[in-house]
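Input: a single structure, listed below in structure tokens.
The values are calculated or read from the model by the stated rules, or taken from the named source; none is laboratory data. No experiment lies behind these values; they were computed from the predicted model shown. Glycine gets a Cβ as well: all are built from the backbone with ideal geometry, and neighbour counts include every protein chain shown. Just so you know, the surface numbers come from the protein's heavy atoms only, side chains and all, with ligands and any DNA or RNA stripped out. Shrake-Rupley method; radii C 1.70, N 1.55, O 1.52, S 1.80 Å.
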Amino acid sequence: MNIAGNLLIGHSMVRGNQGTSYAIDAATGEQMEPAFGGASQQHLDATCALAWQAFDIYRETSLEPRAQFLERIASNILDLGDELIERCVRESGLPRARIEGERARTVGQLRMFADVVRDGDFVGARIDPPQPDRKPLPRVDLRLRHIALGPVAVFGASNFPLAFSVAGGDTASALAAGCPVIVKAHSAHPGTSELVGMAVQQAVKDCGMPEGTFSLLFGSGREIGQGLVRDARIKAVGFTGSRGAGTELIAIAAERPEPIPVYAEMSSINPVLLFPHAMQSRGDAIARAFVQSLTLGAGQFCTNPGLVLAVDGPALDGFIRAAAAALGDVQAATMLTPGIHMTFERAVATFAGHPDVVTEARGAAPTSQSQGQGALFSTTDVAFREHEALKEEIFGSSSLVVRCRDLQSMLELVESLEGQLTSALHIDEEDHEAVRRFLPALERRTGRILVNGFGTGVEVGHAMVHGGPYPATADGRSTSVGSLAIQRFLRPVSYQDLPESLLPEALKTSNPLAINRRIDGKISLAQR
Ligand code: NAP
């Protein structure tokens with residue numbers, strides 16, 4: 001397929017007329033062809049109208065055709081072949097192996113949601129049969145299912161140009177729930193976005209889904225992105241990016257005449273807690289694994305370990321020495337965009353110039369523009385408590401080690417942290433008693449607590465939570481990775497005393513969808 005720089009509005013490819021933009025080769029800084037036309041207000045309006053027209057039809061598509069549609073998107077993405085991989089590598093600066101892995105994850109996610117749709121548990125069907133003879137009052141016939149929220153605006157993430165962009169987790173979970181999707185393409189990878197967008201558009205046609213089921217718009221976040229969130233026909237938002245943009249979108253959504261949920265993933269420093277026995281017995285090995293996680297993908301992971309907490313002493317000195325040595329050997333790596341690189345450099349310089357912060361190590365020096373050079377800093381518990389700026393995320397390979405007076409001080413620092421996507425504990429059996437005291441504090445502010453590992457590497461599964469209290473995400477009650485993500489785009493509806501012929505399939509007494517249901521409070525397994 002050819003990248004033409006077009007908007008994908010329903011079945012059509014349309015030339016945007018609101019300014020032009022180009023992709024930038026992340027490694028060389030060169031402008032790449034073709035020019036992308038930005039969407040106008042008229043394009044936005046036409047796109048939302050199509051999505052709204054599609055909504056009632058698409059959300060009632062039966063489970064099997066919807067599952068096949070998701071699978072068709074996956075196979076159409078694979079059919080893009082090397083063209084997609086090569087374009088994505090150039091636009092993101094990420095290595096080919098990483099992009100190939102990300103494509104596999106994207107396809108795997110779509111197939112997982114196809115299985116979730118087929119299974120039908122997400123409908124959450126419940127039936128409380130009537131009890132006409134109940135005294136003093138008869139009980140009504142009450143049935144419940146979950147329906148799709150409505151058209152969803154998805155903002156592609158810069159750091160996952162495939163797995164969290166046009167056909168990534170937010171899109172897959174929204175489509176699985178029965179929501180049409182309008183993607184606001186990220187300006188960092190427009191060619192990748194158009195290619196994947198064409199694969200989704202083709203799947204809509206192949207599977208006979210309503211035209212407005214999917215659209216892709218190019219244009220600035222402030223204009224097209226905010227315009228989408230303001231549009232009354234949009235009923236939910238999926239976003240991954242900066243805290244500034246995320247909070248702006250949350251405010252816009254809350255101020256609408258009809259406020260809507262914004263599932264924004266924004267900022268997390270992912271504390272790593274090193275417990276005394278583990279430090280003593282294998283501090284060097286933990287340090288080497290830590291540096292690998294810190295520098296993976298130039299540190300551009302939302303789960304990057306940006307903070308290390310440990311009790312001060314010789315064992316921590318040893319950890320810092322080993323981590324510094326390992327970091328010194330790590331090549332600088334191309335960052336996603338010149339803007340992200342500049343923000344990283346600025347934040348690292350601010351830490352380096354802070355009077356209470358020691359620069360423990362830097363990675364190897366950059367050899368070309370837009371390469372991020374790793375950084376490891378340390379500070380004291382007193383300084384960390386005093387300076388809020390030290391708790392801010394630096395997006396890239398930078399981490400701050402905090403020397404804590406004792407375990408109590410370490411616990412107090414945990415209590416001072418904002419919401420986090422992950423918290424990683426390095427422990428031996430002898431540390432279990434101490435860890436027990438930390439768990440309530442960690443649960444209150446973390447989406448995923450993990451032991452003897454690091455948060456980078458997010459398994460796409462059924463028990464995964466990639467979320468956490470604000471500002472890790474806008475709504476800690478949900479996850480953006482894993483099958484539970486479908487819940488974000490659903491809401492329950494009750495049907496009281498509806499005649500059988502008017503009931504939705506999921507709730508008919510004969511159970512034509514053959515899904516599991518809760519009858520009178522008890523799980524009733526489908527006969528399949
Ligand atoms: P970003 O600037 O927040 O952009 C993300 C998306 O939001 C883009 O589509 C962007 O549009 C749009 N946007 C930006 N400002 C907006 C606004 N005021 N109103 C509406 N939409 C807006 O994020 P980024 O460019 O990907 O990265 C910048 C920083 O975000 C990083 O340095 C890092 O700190 C953070 N980040 C965090 C994560 C995470 O997972 N926690 C992931 C990626 C980035 P355009 O395409 O037009 O710019």
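Observations, loosely collected:
- In this structure, residue 422 qualifies as open to solvent by less than 30 Å² (accessible area, probe 1.4 Å), under 15 Å from the mean Cα position of the chain (by Cα) and within 11 Å of residue 271 (Cβ to Cβ).
- Checking residue 83 against (1) more than 30 Å from residue 368 (Cα to Cα); (2) in contact (Cβ under 8 Å) with a residue 40 or more places away in the chain; (3) open to solvent by 30 Å² or more (accessible area, probe 1.4 Å), the condition it does not meet: (1)
- Count of region 186-225 residues, restricted to those that are open to solvent by less than 20 Å² (accessible area, probe 1.4 Å) and either in contact with a strand residue (DSSP E or B) (Cβ under 6 Å, 6 or more places away or on another chain) or among the hydroxyl-bearing types (Ser, Thr, Tyr) (or both), is 16.
- Filter pass, residue 360 being within 30 Å of residue 244 (Cβ to Cβ) and outside any strand (DSSP E or B): no
- So residue 251, is it farther than 27 Å from residue 413 by Cβ, within 11 Å of the ligand (Cβ to nearest atom) and open to solvent by 20 Å² or more (accessible area, probe 1.4 Å): yes
- Within region 385-408, the set of residues being more than 14 Å from the ligand (Cβ to nearest atom) and either among the polar types (S, T, N, Q) or open to solvent by less than 20 Å² (accessible area, probe 1.4 Å) (or both) comprises 390, 399, 400, 401, 402, 404, 408.
- Checked against the criteria, residue 310 does not count as part of a helix (DSSP H, G or I), away from the ligand (no atom under 14 Å from the Cβ) and either surrounded by 24 or more Cβ atoms within 10 Å (Cβ to Cβ) or not charged (D, E, K, R) (or both).
- Answer residue from region 363-373, given it is assigned to a loop (DSSP other than H, G, I, E, B) and within 16 Å of the ligand (Cβ to nearest atom) and is most open to solvent (accessible area, probe 1.4 Å) among those: 373
- Taking region 208-225 as the range and being near the ligand (Cβ under 9 Å from one of its atoms) and more than 14 Å from residue 166 (Cβ to Cβ) as the test, the residues that pass are 219, 220, 221, 222, 223, 224, 225.
- Filter pass, residue 416 being more than 20 Å from residue 456 (Cβ to Cβ), open to solvent by less than 60 Å² (accessible area, probe 1.4 Å) and more than 25 Å from the chain's Cα centre (by Cα): no
- Tally, over region 313-347, of residues that are more than 16 Å from the ligand (Cβ to nearest atom) and not in a helix (DSSP H, G or I): 5
- Residues that are closer than 20 Å to residue 485 by Cα and within 8 Å of the ligand (Cβ to nearest atom), drawn from region 234-248: 239, 240, 241, 246
- Here residue 507 meets each of (1) touching a residue at least 24 places away in the same chain (Cβ under 8 Å); (2) surrounded by fewer than 19 Cβ atoms within 10 Å (Cβ to Cβ); (3) aliphatic (A, V, I, L, M); (4) over 30 Å from residue 389 (Cβ atoms) with one exception, condition (2).
- Scanning region 112-132 for residues that are surrounded by 18 or more Cβ atoms within 10 Å (Cβ to Cβ) and either in a helix (DSSP H, G or I) or polar (S, T, N, Q) (or both) returns 112, 113, 114, 116, 117, 122, 123.
- Qualifying residue in region 133-144 (condition: in contact with a helix residue (DSSP H, G or I) (Cβ under 7 Å, 6 or more places away or on another chain), more than 16 Å from the ligand (Cβ to nearest atom), within 30 Å of residue 497 (Cα to Cα) and not in a loop (DSSP other than H, G, I, E, B)): yes
- Counted residues, region 99-111 - those being in contact (Cβ under 8 Å) with a residue 24 or more places away in the chain, open to solvent by 10 Å² or more (accessible area, probe 1.4 Å) and either on the phi > 0 side of the Ramachandran plot or under 17 Å from the mean Cα position of the chain (by Cα) (or both): 3
- Residue under evaluation residue 415, criteria (1) out of contact with any helix residue (DSSP H, G or I) (no Cβ under 6 Å at 6 or more places or on another chain); (2) without any contact (Cβ under 8 Å) to a residue 60 or more places away in the chain; (3) not assigned by TED's automatic domain parsing to the domain that holds residue 178, criterion not met: (1)
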